[in-house]
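These notes concern the structure reproduced below.
Every read-out reported here was derived from the displayed coordinates using simple, explicitly stated rules and does not represent laboratory data. Everything numeric here is computed off the predicted structure, so don't read it as measured data. With ideal geometry, Cβ positions are generated from the backbone for all residues, glycine too; neighbour counts draw on all protein chains shown.
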Amino acid sequence: MAGKPLVKSGYRDLYAIDDEAYLIHTLSANQGEDAYVSFDIDAIDPSLAPGTGTPVPMGLNPATVLKCMHYIGATKNILGFDIVEYNPMRDVGDMTGNLILHLLPRILHSIQIRPIN
């Protein structure tokens, strides 16, 4: 890890694109094998995840998120992972919290976090 530059590569504008092939193509354009994944829960459609400070209509569905995370895990060495932008004060009936609890173990399995040497 020492001596390697930290490269930020964001896909914030992809939240409204529910085209898996396009998402995978865009993710594959990111060069490098090491990655830190920060997943914004507001990328998911607010009808499924209303508990965020920035709900964006026409967001991703959870199945697309899982496919993208599986692709990232298969092509990158994941150094760390987090889920951000969850706001329980704005959640409706714990929908977002329950969705995170459903997605988290599947995402962790998909990205196969490895220990840093």
Amide H of PHE81: which non-local residues (sequence gap of 5 or more, or other chain) have their own amide H closer than 5 Å, using H built in the peptide plane? VAL37
What per residue convex hull volume, in Å³, comes out for the stretch 26-111 when only alpha-carbon positions are used? 86 Å³
Kindly write out, for the stretch 63-69 in residue order, the coupling ³J(HN,Hα) from the Karplus curve 6.51 cos²θ - 1.76 cosθ + 1.60 (θ = phi - 60°), rounded to whole Hz, with x marking Gly and Pro. 4, 5, 4, 5, 5, 5, 5
Under 11 Å from the ARG106 label point (7 Å along Cα→beta-carbon), backbone N, the stretch 83-99: 99
Determine the sum of side-chain charges near LEU101: Lys and Arg each +1, Asp and Glu each -1, restricted to other residues whose C-beta is under 13 angstrom from that of LEU101. -1
Taking placed amide H atoms and a strict 5 Å upper bound, the residues 5 or more places from ASN87 or on another chain that come that close are THR52, GLY53
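Find how much the distance from LYS67 to THR54 grows on full extension, using 0.36 nm per residue of separation minus their present alpha carbon separation; answer in nm with one decimal.
On the way: separation 13, 0.36 × 13 = 4.68 nm, distance 2.32 nm.
Roughly 2.4 nm would be gained on extension.
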